[in-house]
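Trainee: One structure, as structure tokens, below. Some questions next.
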Amino acid sequence: MTRGVLVRAHGGPEVLEWSDIELPAPKRNEVRIRHTAVGVNFIDVYDRTGLYPMALPSLLGREAAGIVEAAGAGVKSLAIGDRVAYTSTTPGSYAEARNMPADRVVRLPDAITDDQAAAMMLKGLTAQYLLRRTYRVKKGDPIVVHAAAGGVGLILVQWARHLGAEVIAVVGSDEKAALVRRYGAHHVLVTPREDLVTRVREITRGRGVPVVYDSVGKDTFFASLDCLRRLGMMVTYGNASGPVAPFSALELSKRGSLFLTRPTLFHYIATRAELNRAARELFDVVAAGVVEIVVGQRYPLAEAARAHADLEARRTTGSTVLVP
């Protein structure tokens, strides 16, 4: 019998239940993956609380690494024993094993560990599309990265610096400030002690930045808009403080004809070719040492509730991994 972390009713971390689950044989074009490491993300909190509605009962989790232990008919791209990883639109990785469509699974290079893979498939691929496709960061660009000490944030800081950007990192404590400095941030703002807009305008000599990467949501949205230069792009890609409330599009016009996007990773890796290209670029920068995947904490899979409590209380840094 396989075990996993079930949600039977939306709520706090206490609703997470370590339970037996049924796992059928893989269907045609599916593989069964025995998980070795499972990533934790804020989207898991949104699923658990019902911010992102899902049918219940359900497993949580959107990314993991493991070993292919069975394959359905028609699978040609993977073989039993392959080390693999994935990120999924559908929750289900908080389990000892899972069936996945083979075309949504990537084989891992030897240079990438299971912990790294589990910690970066969703977060690292998010950083890849943010920096390389949503707004293509160029040498010399000053950029603002919110939640810079988190899983996506630390990857953004390192990768953006490698691309030649001037990284303005926003964090919530002095401890986190020290961490992001260590990973290459040029400027670090500790909020709410420092005023975001004032400091960004000082750093950029009044011009503002061409892009803000904001995963915080409602608490930082308008301040982030005010950091942008004329024709700048606001990238709001998360809701850690809650979703942004409805507002007039004139707010964008009066601040300099700004662009606003609310992107989602899975639209950027919708095809197998897009997934392969993004994963290859991510694996290359990690294998080359350009980006270090920082696993700040590891928990037994059965203690996922504790991991969620720590994540929501801002007690975590870098990525969090659950170990089956």
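The values are calculated or read from the model by the stated rules, or taken from the named source; none is laboratory data. Just so you know, these numbers come straight off a predicted model, no measurement behind them. When we count neighbours, we look across all protein chains shown, and the Cβ atoms used for this are built from the backbone with ideal geometry, even at glycine.
Trainee: Across the stretch 243-276, which residue is nearest to the chain's Cα centre (by Cα) among those that are outside any loop (DSSP other than H, G, I, E, B) and touching a residue at least 60 places away in the same chain (Cβ under 8 Å)? Full working, then the answer.
Mentor: Applying the first criterion (outside any loop (DSSP other than H, G, I, E, B)) to the stretch 243-276 yields 250-254, 259-261, 265-268, 272-276.
In the following step, the residues that additionally are touching a residue at least 60 places away in the same chain (Cβ under 8 Å) were identified as 261, 265-266, 268, 272, 275-276.
Numbers: Thr261: 17, Leu265: 9, Phe266: 12, Tyr268: 14, Arg272: 20, Leu275: 15, Asn276: 18 Å.
Checked the stretch 243-276; the qualifying residue nearest to the chain's Cα centre (by Cα) is Leu265.
Trainee: Please give the strands (runs of 3 or more DSSP E) falling wholly within the stretch 1-40 in which 3 or more residues are under 24 Å from Leu108 (Cβ atoms), modelled with pLDDT of 95 or more and β-branched (Val, Ile, Thr).
Mentor: On the way: elements: 2-7, 16-21, 30-40.
Output list reads 30-40.
Trainee: Can you go through Thr220, Thr316, Thr236 and tell me which one is among the β-branched types (Val, Ile, Thr) and without any contact (Cβ under 8 Å) to a residue 60 or more places away in the chain? Can you show your working first?
Mentor: Details: Thr220 fails: without any contact (Cβ under 8 Å) to a residue 60 or more places away in the chain; Thr316 fails: without any contact (Cβ under 8 Å) to a residue 60 or more places away in the chain.
Answer to the check: Thr236.
Trainee: Within the set of pairs 6 or more residues apart or between chains, which connect a residue that is more than 18 Å from Glu96 (Cα to Cα) inside the stretch 28-43 to a residue that is among the charged types (D, E, K, R) with Cβ atoms less than 9 Å apart?
Mentor: Asn29/Asp103; Phe42/Glu312; Ile43/Arg62
Trainee: Something else: Could you grab me the full set of residues in the stretch 276-301 that are crowded, with 16+ Cβ neighbours inside 10 Å and small (Gly, Ala, Ser)?
Mentor: Those that are crowded, with 16+ Cβ neighbours inside 10 Å and small (Gly, Ala, Ser): Ala278, Ala279, Gly296.
Trainee: Which one is farthest from Tyr86 (Cα to Cα), of the residues in the stretch 1-14 that are surrounded by 15 or more Cβ atoms within 10 Å (Cβ to Cβ) and in contact (Cβ under 8 Å) with a residue 60 or more places away in the chain?
Mentor: If we filter the stretch 1-14 for residues that are surrounded by 15 or more Cβ atoms within 10 Å (Cβ to Cβ), which is where we start, we get 2-7, 13.
Now drop any that are not in contact (Cβ under 8 Å) with a residue 60 or more places away in the chain, which leaves 2-5, 13.
On the way: Thr2: 19, Arg3: 19, Gly4: 17, Val5: 18, Pro13: 24 Å.
Going through the qualifying residues, I end up with Pro13.
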